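Notes to accompany the following structure.
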Amino acid sequence: MKAVVIYRYGKPDVLQIVDLPLPRIKPDEALIKVRFAAANPKDTFIRKGRFKLLTGWRFPLQLGSDLCGDVIEVGHQVNHIRVGDVVWGAVNGWRGGAHAEYIAIKGAWVAHKPTGISDAEAAALPLVSLTALQALKQFKAGQRIFINGASGGVGTAAVQIAKVLGLHVTATCSERTVELVKSLGADELVDYTQQDIKRLDAQFDVFFDVFGNFHFSSVQGLLTHDGRYITTVPNPRNFWDALRTRFTYQTAQVIVVQSNIADLERLRNWVETGQLKPVIDSVYPLSDIRAVHEKLETKRTQGKIVLEIAQQ
Ligand SMILES: NC(=O)c1ccc[n+]([C@@H]2O[C@H](COP(=O)([O-])OP(=O)(O)OC[C@H]3O[C@@H](n4cnc5c(N)ncnc54)[C@H](OP(=O)(O)O)[C@@H]3O)[C@@H](O)[C@H]2O)c1
């Protein structure tokens, strides 16, 4: 099978498409023939070696987190899906594998694909919408949230999920993506190229730093007395802030997404009822993987880049 791999960390030219043996499943896994897979900033960070301590030095290293595809085989411990089902989901942890024709993935990380959306749209959602859901499900209707980075993959899911949960959403993006973010339901918009976010005259129960260019101390003044700063960036400073604020009124939290069936089912319901819509920037063939990494690194994608893996 064809798969995207790296044999060393580096620039996009270390990405290769090679032939690998078909993966063999364990009792708790399913073999999926991948139709479409999403591209994520995480793929570029892993390629560059930013998470070397976690991704290790065992090569080839496969990339790719979330996917939509056909179930080809299931281990005897996997009961919720069957051969022939079409599923969506994401790989947890640091060694990927979704940018390949087949993947052996834990059954607990995939669930039935929502109806009413295309396979490419289904592949676009798992990682980013699970991240947004797991960050926001702790909050109650009526609370005020600020979303930084609202027009990217996680941001477009976060704005919609925050609205489903009944939050009041103030979002920031640049002028080029204002119409998109407005169409997703944001109540108020701030153009971060025109206004200094840290000096906004407002208070929020949640500051969701999706883009990750702030930190807890820099936005404490924007938080209510028991407000929470949530970041998607798992670095030592952010983990330290989360630890040291455990018993203070204002708190910091680092979100580390985990795919699971219950959350995928909750998201499926929102997709099928039209409350959560995938936002696709572009679709590329797997052979364009280097160009896709270059495009991701511009940090200018609106919604998701999706890779077409299998020709239907
Ligand atoms: N911890 C976890 O479990 C987890 C899970 C998923 C993602 N993440 C991380 O979350 C981050 C965001 O992921 P993503 O998929 O949403 O990224 P993305 O789709 O690549 O984000 C692109 C967006 O960033 C916006 N942007 C660029 N510069 C900005 C700035 N200075 N301020 C605010 N927004 C800016 C752009 O909008 P404009 O052009 O409008 O500025 C663009 O739409 C990444 O670091 C990713 O690795 C972490």
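The values are calculated or read from the model by the stated rules, or taken from the named source; none is laboratory data. Every value quoted in this text rests on a predicted model; they were computed, and no experiment measured them. Positions of Cβ are backbone-derived with ideal geometry, glycine not excepted, and every protein chain shown enters the neighbour counts. The accessibility values were calculated without ligands, DNA or RNA, using every heavy atom of the protein model including side chains. Shrake-Rupley method; radii C 1.70, N 1.55, O 1.52, S 1.80 Å.
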Taking the range 158-174 and keeping only residues that are within 8 Å of the ligand (Cβ to nearest atom) and either assigned to a helix (DSSP H, G or I) or without any contact (Cβ under 8 Å) to a residue 24 or more places away in the chain (or both), one is left with SER174
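Enumerate the strands (runs of 3 or more DSSP E) found wholly within the range 55-135, keeping only those where 3 or more residues are assigned by TED's automatic domain parsing to the domain that holds ASP43 and modelled with pLDDT under 95. Before the answer, list the steps.
Numbers: elements: 66-74, 86-90, 102-106, 110-112.
Hits in the range 55-135: none.
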message: Looking at the structure I just gave you, is GLY75 under 25 Å from GLN134 (Cα atoms) and open to solvent by less than 10 Å² (accessible area, probe 1.4 Å)?
response: no
Over the range 214-239, the set of residues crowded, with 16+ Cβ neighbours inside 10 Å and part of a strand (DSSP E or B) is LEU223, GLY227, ARG228, TYR229, ILE230, THR231
Taking first residues from the range 109-135 that are under 15 Å from VAL159 (Cα atoms) and second residues anywhere that are away from the ligand (no atom under 16 Å from the Cβ) and at pLDDT below 95, the pairs with Cβ under 8 Å that are 6 or more apart or on different chains are none
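To keep it simple, each residue is scored yes or no on (1) closer than 26 Å to ILE81 by Cα; (2) assigned to a strand (DSSP E or B); (3) away from the ligand (no atom under 16 Å from the Cβ); (4) of a type in the set (S, T, N, Q).
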| position | (1), (2), (3), (4) |
| --- | --- |
| ASP241 | no, no, no, no |
| GLN253 | no, yes, no, yes |
| GLN258 | yes, no, no, yes |
| ASP263 | yes, no, no, no |
| GLN275 | yes, no, yes, yes |
| PRO278 | yes, no, no, no |
| SER282 | no, yes, no, yes |
| LYS295 | no, no, no, no |
| ILE305 | no, yes, no, no |
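What are the residues in the range 4-26 that are part of a strand (DSSP E or B) and open to solvent by less than 100 Å² (accessible area, probe 1.4 Å), if any? Show your work before the answer.
In the first step, residues of the range 4-26 are kept if they are part of a strand (DSSP E or B); the result is 4-6, 16-19.
Matches in the range 4-26: VAL4, VAL5, ILE6, GLN16, ILE17, VAL18.
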When every residue in the range 85-134 that is touching a Pro at 6+ places or on another chain (Cβ under 7 Å) and of a type in the set (Phe, Trp, Tyr) is compared, the one least open to solvent (accessible area, probe 1.4 Å) is TRP88
In this structure, is GLN143 away from the ligand (no atom under 15 Å from the Cβ), modelled with pLDDT of 95 or more and outside the structural domain of PRO60 (by TED's automatic domain parsing)?
yes
